[in-house]
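*Asks:* Got a structure for you, questions after.
The values are calculated or read from the model by the stated rules, or taken from the named source; none is laboratory data. Everything numeric in this text was worked out from a predicted model, so none of it was measured. All Cβ positions, even for glycine, are placed from backbone atoms using ideal geometry, and neighbour counts span all protein chains on display.
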Amino acid sequence: MAEILFKGGRLIDPASGVDTTSDVLVSGGRVIEVGSNLSSNGAETIDISGAVICPGFIDLHVHLREPGREDEETVATGSAAAARGGFTAVGAMPNTDPVCDNAAVADKVAAAARLAGMCEVIPAGALTKGLEGKYITPVGEMVTCSAGVRMFTDDGKGVQDSRILRRAMEYIKGFDAICAEHCDDAALSEGGQMHEGYYSDMLGLKGMPAAAEDIALARDLVLARLTGVRYHALHVSTKGSVELIRQAKAQGVRVTAEVTPHHLILTDSELQSFDPVNKVNPPLRSSSDVEACRVGLADGTLDAIATDHAPHSREEKESEFELAPPGMVGLETALALMITEIVDPGILTLAELVRRLTSVPAGILRLAGQGGPVAEGGVANLTVFDPAAEWLIDPETFVSKSRNTPFKGRTVRGRVLHTVFGGNLVVRNGEISPDYHAALSVGTSLGAQQ
Ligand SMILES: [Zn+2]
């Protein structure tokens, strides 16, 4: 295991309230010392002056496609994409094939992640069997299995039956786990291709009204209050949702929320290109929704930034608009997009952005050894990034298996230089270390074992 001295960086450690120039010495998988003028004692010294060193980022919401669609992503390639984006932990959504609705699938995903060794993967369990909205899953066995499932969701769709959702919430509350929802009233959004509004009218595409998200979220918040469950709103995208969450928090409902980079940056006007790369669910919304999400992020109504990294094959994404699946990749561009579009315009400070990517999501998932503090004896999960480095987003350089980003060709600021996971330098100078190349080319195939 590597012994590394990071010298002269700006340590931003939200968990301990530290924001100062500091050296960080890592050895044997742990942070050994934090302070100024540390001597290397034989450790490799990496000069990071001008860069930020902070806890590894945590993404509450990714799709790793394994088992089932290893042509689009695997746990290994998704872990590599995460590491390259500065993430040391990700929450993997359960809409795989087979669905992660039991401990066996959850354990296999977590085991594949341990084998790849580039990032911690915490599988989310399905709320209902097969994501069918009918029968509650064996929550207890998933919470207690070695994967340690702590979030339950039917992400991709919402649970439509309020009675089933209420029972699921009561059950989940008994394990002090999180009930997370993709808020969508399916009857309202059925057949929708994009946000319902001026552009859907103009383009002649069937719309998904903001009301479909608002109504589902409003119901969920009523049930969250009734049951007392810890509730998490996935990828909030509407002005109405932000207002509902703000109210619910003020009233003491146990609710947290996440927002994606694309819902903070892009509007439904992008759909004029008819390029399915802009198709996503929830859809890109109107400019007033985007503005409301930015305000909600700034004032803390929206807690965390999550990518909803959703890899899709070129063939599928380049098909007819109506047939193309929704989703965008996000792990390798999140930090730079947030610095360029959120920090530079003054919506969040850099230190606050780091908090929303580290200690805040760690607190939601109650992860040990992630999100800081960066202190002596702590697990060495760290990210080093240059907040000023400019680069051009070129999907062909991604280590993710998929290339479906609407941000291709953008010049952005902020680049991940090094990612340390469990004391190992997984990313060095912006690239995956050679030690992990074998894991990437081989990958794993869990689907065949099911
Ligand atoms: Zn979703």
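*Asks:* I'm told T307 meets every condition in (1) of a type in the set (S, T, N, Q); (2) touching a helix residue (DSSP H, G or I) at 6+ places or on another chain (Cβ under 8 Å); (3) more than 16 Å from the ligand (Cβ to nearest atom); (4) modelled with pLDDT of 95 or more except one. Can you identify the failing condition by its number?
*Replies:* Result: T307 passes all but (3).
*Asks:* Would you point out which residue out of M202, M208, M151, M169 is modelled with pLDDT of 95 or more, more than 16 Å from the ligand (Cβ to nearest atom) and under 25 Å from the mean Cα position of the chain (by Cα)?
*Replies:* Numbers: M202 fails: under 25 Å from the mean Cα position of the chain (by Cα); M208 fails: more than 16 Å from the ligand (Cβ to nearest atom); M151 fails: more than 16 Å from the ligand (Cβ to nearest atom).
Answer to the check: M169.
*Asks:* Going by the structure shown, is E141 over 21 Å from the mean Cα position of the chain (by Cα), more than 14 Å from the ligand (Cβ to nearest atom), surrounded by fewer than 19 Cβ atoms within 10 Å (Cβ to Cβ) and without any contact (Cβ under 8 Å) to a residue 60 or more places away in the chain? Walk me through how you get there before you give the answer.
*Replies:* Values: over 21 Å from the mean Cα position of the chain (by Cα): yes; more than 14 Å from the ligand (Cβ to nearest atom): yes; surrounded by fewer than 19 Cβ atoms within 10 Å (Cβ to Cβ): yes; without any contact (Cβ under 8 Å) to a residue 60 or more places away in the chain: yes.
Here the answer is yes, as E141 does meet what is asked.
*Asks:* Can you pull out the residues in the range 234-244 that are within 16 Å of the ligand (Cβ to nearest atom) and within 14 Å of G300 (Cβ to Cβ)? Reasoning before the result, please.
*Replies:* We begin by selecting, within the range 234-244, every residue within 16 Å of the ligand (Cβ to nearest atom); these are 234-238, 241.
If the condition is that a residue be within 16 Å of the ligand (Cβ to nearest atom) and within 14 Å of G300 (Cβ to Cβ), then V236 is the only one that fits.
*Asks:* Scan (1) crowded, with 23+ Cβ neighbours inside 10 Å; (2) within 16 Å of the ligand (Cβ to nearest atom) for the single condition L131 breaks and write down its number.
*Replies:* It fails just one condition, (1).
*Asks:* Could you check the range 420-443 and list, in sequence order, the residues that are among the β-branched types (V, I, T) and out of contact with any Lys or Arg (no Cβ under 7 Å at 6 or more places or on another chain)?
*Replies:* V420, V426, V442
*Asks:* Among A257, A216, which is the only one that is within 16 Å of the ligand (Cβ to nearest atom), of a type in the set (A, V, I, L, M), in a helix (DSSP H, G or I) and touching an Asp or Glu at 6+ places or on another chain (Cβ under 7 Å)? Please lay out each step first, then the result.
*Replies:* Working: A257 fails: in a helix (DSSP H, G or I).
Of A257, A216, the one residue that is within 16 Å of the ligand (Cβ to nearest atom), of a type in the set (A, V, I, L, M), in a helix (DSSP H, G or I) and touching an Asp or Glu at 6+ places or on another chain (Cβ under 7 Å) is A216.
*Asks:* Being of a type in the set (V, I, T), assigned by TED's automatic domain parsing to the domain that holds V354 and either farther than 19 Å from G330 by Cβ or touching a Cys at 6+ places or on another chain (Cβ under 7 Å) (or both) narrows it down to one of V75, V99, so name that one.
*Replies:* Working: V75 fails: either farther than 19 Å from G330 by Cβ or touching a Cys at 6+ places or on another chain (Cβ under 7 Å) (or both).
Criteria check complete, one pass: V99.
*Asks:* Given (1) out of contact with any Lys or Arg (no Cβ under 8 Å at 6 or more places or on another chain); (2) touching a residue at least 24 places away in the same chain (Cβ under 8 Å); (3) exposed (fewer than 14 other Cβ atoms within 10 Å of the Cβ), identify the lone condition not met by M338.
*Replies:* (3)
*Asks:* Name the single residue that is modelled with the lowest pLDDT among those in the range 265-298 being more than 16 Å from the ligand (Cβ to nearest atom), assigned to a loop (DSSP other than H, G, I, E, B) and in contact with a helix residue (DSSP H, G or I) (Cβ under 8 Å, 6 or more places away or on another chain).
*Replies:* If we take residues in the range 265-298 being more than 16 Å from the ligand (Cβ to nearest atom), assigned to a loop (DSSP other than H, G, I, E, B) and in contact with a helix residue (DSSP H, G or I) (Cβ under 8 Å, 6 or more places away or on another chain), then F274 is modelled with the lowest pLDDT.
*Asks:* For the range 382-440, which residues satisfy the criterion of being at pLDDT 95 or above and of a type in the set (S, T, Y)? Steps first, please.
*Replies:* First, the residues of the range 382-440 that are at pLDDT 95 or above: 382-433.
Once the filter is applied, which keeps residues that are at pLDDT 95 or above and of a type in the set (S, T, Y), the range 382-440 yields T383, T397, S400, S402, T405, T411, T419, S433.
*Asks:* Looking only at the range 1-16, count how many residues are among the charged types (D, E, K, R) and either closer than 13 Å to L382 by Cα or under 27 Å from the mean Cα position of the chain (by Cα) (or both). Outline the logic, then answer.
*Replies:* Keep residues of the range 1-16 that are among the charged types (D, E, K, R), which gives 3, 7, 10, 13.
Still in the running and either closer than 13 Å to L382 by Cα or under 27 Å from the mean Cα position of the chain (by Cα) (or both): 10, 13.
Residues that pass the stated criteria total 2.
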